[in-house]
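The values are calculated or read from the model by the stated rules, or taken from the named source; none is laboratory data. A quick note: this is a predicted structure, and the numbers were derived from the prediction, not measured. Here the Cβ positions follow ideal geometry from the backbone for every residue, glycine too, while neighbour counts run over all protein chains shown. Heavy atoms of the whole protein, side chains included, go into the accessibility calculation; ligands, DNA and RNA do not. Shrake-Rupley method; radii C 1.70, N 1.55, O 1.52, S 1.80 Å.
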Amino acid sequence: MRIPHPYLPPMWRETRVGFELAGLMRSDVWRGGGVTDGNGQPVMLVSGLLAGDQSLNLMARWLKSTGHRPCRAGIASNVDCSQRAAERLEGRLECLAEDSGQRVAIVGQSRGGSFARVLAVRRPDLVSGIVTLGSPLKHQLAVHPLVRGSLFAMGLLGTAGIDGLMRRSCLWGECCSDYWHDFAGDFPPGVGFVSIYSRTDGVVKWRACLDPAAEAVEVRASHIGMGVNAEAYRAVAASLEGLRAAEAAKAPRRRTTQRPHLRLAA
C-alpha cells in the first residue's frame with residue numbers, strides 16, 4: 001500500500017469532544033426531534049481504530065430510542081487484522097439480517113466505515129446501505145502522522161506474535177489482499193452509500209472521505225466527536241431514513257384482485 005503525502009490535520013480540534021457531547025445532550029435531535037421513527041430498521045454499528053463498541057454506546061441508545069434496532073459489532077478494540085475482522089463482521093451481519101428478516105444498514109466510524117464498505121461490496125444481498133463517519137475511504141493512511149505511527153507500531157507488535165493485532169503483512173503483504181481488493185472494488189448498485197465528513201477533522205484528511213461512489217454530507221465536528229455530535233446525528237438520521245425509503249420502494253407491491261360486480265335481481 002502506497003503511503004500518501006504527509007498531512008498534519010489540526011489535532012487540537014479533537015479537544016472539543018466534551019463540548020460536542022454537551023451540545024448533543026442539549027439538542028432536540030437527542031430527544032428525537034426531527035427524527036422519523038426507524039420502524040425497527042436494523043443498524044449495525046462499527047467503531048473506529050483503537051475503539052470498541054462502547055465508543056458508540058450513545059449512538060446505539062439514541063437509535064433504539066428513535067425506533068431503530070441497533071446491533072453492536074462485537075469489537076472490544078478495533079486493532080485486529082482487517083481480513084479476520086471483516087470475516088467476523090460478515091458472520092454477525094448474516095445473523096442480524098436473518099434475525100430481522102431485512103437487509104441491514106451499517107454505520108461505521110473511521111476504520112469502521114472502511115469495514116462497512118467492504119461488507120457492502122461482499123454482501124450486497126445483506127446490506128441496504130452504509131453510512132460512514134470520518135472514514136478515509138480513498139486511502140486508509142490519509143491520517144495524522146501520530147495515528148499512522150501507532151498503526152505501524154501495532155503492525156510490528158502483531159508481526160512479533162502478539163495475538164489480536166494487525167501485522168505488517170496486513171498492509172504490505174498477502175494477508176489482507178482480499179480485503180484490500182474489496183475495499184477498492186466497485187460499489188454495488190442498489191446499496192445506499194453516504195459519507196459524512198468534516199473539514200475540521202483533526203485526524204483524517206477530509207478529502208480522503210470523498211469516495212466517488214458515495215453521497216458526501218459535510219458536518220462541523222471533530223473526528224472522535226462524530227460519535228457524539230448533534231449535527232452528525234441529524235445526518236445519520238436523514239441517511240437512515242433515505243435507506244428505509246429506498247428499501248420500501250423496492251418491496252413488491254401487493255396485487256389486489258377485483259371481484260366481479262354482482263347484479264342484484266329486481
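A few points about this structure:
- Screening segment 158-266 for helices (runs of 4 or more DSSP H) wholly inside it with 3 or more residues that are modelled with pLDDT under 95 and open to solvent by less than 80 Å² (accessible area, probe 1.4 Å) returns the ranges 168-171, 177-183.
- So TRP12, is it modelled with pLDDT under 95 and of a type outside the set (Asp, Glu): yes
- Checked against (1) of a type outside the set (Gly, Ala, Ser); (2) crowded, with 19+ Cβ neighbours inside 10 Å; (3) part of a helix (DSSP H, G or I); (4) touching a Ser or Thr at 6+ places or on another chain (Cβ under 8 Å), ARG13 passes all but a single condition, namely (2).
- Residue list for segment 43-61, restricted to those being open to solvent by less than 30 Å² (accessible area, probe 1.4 Å) and out of contact with any Leu (no Cβ under 9 Å at 6 or more places or on another chain): ALA51, GLY52
- Hits in segment 138-149 (condition: under 14 Å from ARG111 (Cα atoms) and assigned to a helix (DSSP H, G or I)): VAL147, ARG148
- Extreme residue, nearest to the chain's Cα centre (by Cα), among residues of segment 89-107 that are surrounded by fewer than 15 Cβ atoms within 10 Å (Cβ to Cβ) and of a type in the set (D, E, K, R): GLU94
- Selection count, segment 62-85, where residues are crowded, with 16+ Cβ neighbours inside 10 Å and in contact with an Asp or Glu (Cβ under 8 Å, 6 or more places away or on another chain): 5
- If you check SER135, SER114 for being open to solvent by less than 20 Å² (accessible area, probe 1.4 Å), in a loop (DSSP other than H, G, I, E, B) and not β-branched (Val, Ile, Thr), only one passes: SER135.
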